[in-house]
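A.B. asks: Here you go, one structure.
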Amino acid sequence: MEPWHHFRALRRKPQIYLKRNDMFLLPKLSARLCIKTSLPSGASAKQDILTEFYMRVWVYVQTVAEMVYEALYDAEVAGLYFLLNGGDWPGEICLLAQGFSDKLPLLVDKLTFALSHSGAMPPACEASEECSGSPGGATKGRPTNGEPKFRLDRRAFDVIKENLHRKISNSMLCRTVSQQAATLRGETLEIPCLSYEDLLRVLEQTTLDVQEVPKTLFERACVEGLVVGNISSAEVCVMVEMALKNLNIETTLDSNSVPEKAVVDLASLDLARLRSSGSGVAGLDEEREAMQCRTLVCEEVKASEVKLKTRSENSNTQDRNSVAFLRFQLGNLEDRERSMLSLFSHCISQAFFDDLRTQQQLDYVVHAHRSFQLRSQGMHFFVAGSTFSDLMTLRIGRLVEKYLSSEQGLHAGLPDALCEKHRSALVSELRVRPQNAFEEAQRYAREISTWYFMFNRHDRTIAELSRLEKNEFFHFILHRLRPPPVLLLCIDRQAAAAPRAIATCEGHQEENSGDAAETKEMQEAETQEAKKPQQETCNLFAGWTDVRAPRELRKYAARTSKMLA
């Protein structure tokens, strides 16, 4: 197996990574191209322009993909898998192709040509398509008045627009609370953040003139690629050069013209400005707050601690569930710290599930794990179910405090034998090798997308875990994991939705009355539960700062964790 090759092709200098894998001499290959284009002038400063640019590129790419799926359904590229779609960020296009090494370069050639020519096939392919009667063929590439004129297929455009409209509308009306929590997290922390409402509004105004997109889209662009499989570096160079020629990339991409990906650094928040803007301590009634203030642990709560809480209502009237979503934001960690965070995640995830789901039968979705947003690491504690978010938050807090309140509590929760058992289990999981070239490519693609480029991450993590001492591990949990900022997202079920509904028959009226009584009884029970004094805890969950406008949070942050799109 050859080492990694990082080479540059042509004057456009794309970043292409090759990992040759000729195991068992299988002629399999996986190629991924991420095309990043420049923003139109003024898009970075105006949300409307950015949203329109994102949607126009997305609709254009999806329409081309719809046309290509029909045109390439022939024996020439049979047995190959490909995916062409718009990326998650404005101006980003993703191309994935997998299959046999001898045919894959031909497929990449056709896809990149179609991408820059409104779904048309390369000239060499047109004659055969015209004879065979395949759709999407020769007529699209014929010259008009001496110049080629490429047009999107109207039927494909209408299909894509209708499907996208239905998808976005359903996302607005029928999302689960889990999906709503992910959206709320994005609104609070991520830059840029494109709302479903804005996307739907722009989509409704989008017309077939999106076929003009490729005229300027690839003038300034950058290509990042990953190729894994049984292929030589010379063959990859030929394939990439052909793709770049098809895309008609004229100049290298200026980093200032690329849309910024960023996550708000909560540690840099100006809490004084945030609180004076209309936010205050939230989430506790007066009686419970007074009870907590009488305890000694409340004296340890510092006004400078970043503990943010934002709340919303479940937008899906048919979904009778709530969510409590807690995130510890640690920022960009070194390799050793990431290894310790992975080990802590492995230790607490099963205990979190056993306590809240198995023993208490609290909710239907319960999980805790290490996660990241771009290059910002963190820990997630997530509970979704039919009870209200305040009770779920209380249960999460009690379990988290069991491990983070003191060194004695941590030793009790993670004795030597159990800690070693989790370390061995994590090492065993990291030693599992990819089953094929496609799984291997997926693992490496994550390193490229996050700009870590640590292609031997699993081996390095195993090495760090083997040298890890328990005292160092516990010190990381108590002094690195606990102090960082905490963000709590609460999404509550529409408690009065059923009683507000207009009943059309006596049976429905009785059902709504029963729901109202059940809701009131549950609220009273949860209020009593919340008022119970919490002893022997560090009270990590006191003194929340309420964030009533999540999108405004970034105005009060001095720093963000940035990464180019």
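A.B. asks: Being over 20 Å from THR560 (Cα atoms) and not charged (D, E, K, R) is the filter here; which residues of segment 328-348 pass it?
C.D. replies: Hits for segment 328-348 are SER339, MET340, LEU341, SER342, LEU343, PHE344, SER345, HIS346, CYS347, ILE348.
A.B. asks: Out of all the residues in segment 541-557, which are touching a Leu at 6+ places or on another chain (Cβ under 7 Å) and either over 23 Å from ASP390 (Cα atoms) or among the β-branched types (Val, Ile, Thr) (or both)?
C.D. replies: THR545, VAL547, TYR556, ALA557
A.B. asks: Looking at LYS302 and the list (1) modelled with pLDDT of 85 or more; (2) out of contact with any Asp or Glu (no Cβ under 9 Å at 6 or more places or on another chain); (3) of a type in the set (Lys, Arg), which single condition is not satisfied?
C.D. replies: Answer for LYS302: the failing condition is (1).
A.B. asks: Scan segment 150-173 residue by residue and report those that are β-branched (Val, Ile, Thr) and either at pLDDT below 90 or exposed (fewer than 15 other Cβ atoms within 10 Å of the Cβ) (or both).
C.D. replies: Selection gives VAL159 alone.
Yes or no, residue by residue, for (1) at pLDDT 85 or above; (2) under 16 Å from CYS490 (Cβ atoms):
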site: MET392; (1), (2): yes, yes
site: ILE396; (1), (2): yes, yes
site: SER405; (1), (2): no, no
site: HIS411; (1), (2): yes, no
site: LEU414; (1), (2): yes, no
site: LEU426; (1), (2): yes, no
site: ARG433; (1), (2): yes, no
site: ASN436; (1), (2): no, no
site: GLN442; (1), (2): yes, no
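A.B. asks: Hey, among the residues in segment 195-222 that are modelled with pLDDT of 85 or more and not in a helix (DSSP H, G or I), which one's surrounded by the fewest Cβ atoms within 10 Å (Cβ to Cβ)?
C.D. replies: THR207
Here's the yes/no breakdown for (1) touching a helix residue (DSSP H, G or I) at 6+ places or on another chain (Cβ under 8 Å); (2) touching a residue at least 60 places away in the same chain (Cβ under 8 Å); (3) on the phi < 0 side of the Ramachandran plot:
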| residue | (1), (2), (3) |
| --- | --- |
| LEU374 | no, yes, no |
| GLU420 | no, no, yes |
| ARG423 | yes, yes, yes |
| GLN442 | no, no, yes |
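Per-residue answers, yes or no, for (1) modelled with pLDDT under 90; (2) among the charged types (D, E, K, R):
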| site | (1), (2) |
| --- | --- |
| GLU70 | yes, yes |
| GLU76 | yes, yes |
| LEU96 | no, no |
| THR112 | no, no |
| GLY119 | yes, no |
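A.B. asks: When you scan segment 521-531, do you find a residue that is at pLDDT below 75, more than 30 Å from GLY409 (Cβ to Cβ) and surrounded by 13 or more Cβ atoms within 10 Å (Cβ to Cβ), even just one?
C.D. replies: Yes, segment 521-531 contains a residue that is at pLDDT below 75, more than 30 Å from GLY409 (Cβ to Cβ) and surrounded by 13 or more Cβ atoms within 10 Å (Cβ to Cβ).
A.B. asks: Still on this structure, I have one more. Within segment 404-462, restricting attention to residues that are assigned to a helix (DSSP H, G or I) and among the aromatic types (Phe, Trp, Tyr), which residue is farthest from ASP88 (Cα to Cα)?
C.D. replies: Selected residue: PHE438.
A.B. asks: If I go through segment 337-355 residue by residue, how many of them are touching a strand residue (DSSP E or B) at 6+ places or on another chain (Cβ under 8 Å) and either surrounded by 19 or more Cβ atoms within 10 Å (Cβ to Cβ) or under 16 Å from LYS421 (Cβ atoms) (or both)?
C.D. replies: 8
A.B. asks: Would you confirm, using the coordinates I've provided, whether SER449 is at pLDDT 85 or above, in the same structural domain as PRO415 (by TED's automatic domain parsing) and of a type in the set (S, T, N, Q)?
C.D. replies: Answer is no for this residue.
So that you can scan it fast, the table gives a plain yes or no per residue for (1) surrounded by 14 or more Cβ atoms within 10 Å (Cβ to Cβ); (2) at pLDDT 80 or above; (3) in contact with a Leu (Cβ under 6 Å, 6 or more places away or on another chain):
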{"site": "ALA9", "(1), (2), (3)": "yes, no, no"}
{"site": "TYR17", "(1), (2), (3)": "yes, yes, yes"}
{"site": "ASN21", "(1), (2), (3)": "yes, no, no"}
{"site": "LEU29", "(1), (2), (3)": "yes, yes, yes"}
{"site": "ALA45", "(1), (2), (3)": "no, no, no"}
{"site": "ILE49", "(1), (2), (3)": "yes, yes, no"}
{"site": "MET55", "(1), (2), (3)": "yes, yes, yes"}
{"site": "TRP58", "(1), (2), (3)": "yes, yes, no"}
{"site": "TYR73", "(1), (2), (3)": "no, no, no"}
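A.B. asks: Then there is this: Would you mention how many residues in segment 211-237 are touching a residue at least 12 places away in the same chain (Cβ under 8 Å), of a type outside the set (Asp, Glu) and out of contact with any strand residue (DSSP E or B) (no Cβ under 8 Å at 6 or more places or on another chain)?
C.D. replies: Total meeting the criteria: 3.
The values are calculated or read from the model by the stated rules, or taken from the named source; none is laboratory data. Just so you know, these numbers come straight off a predicted model, no measurement behind them. No Cβ is skipped: glycine too gets one built from the backbone with ideal geometry, and neighbour counts run over all protein chains shown.
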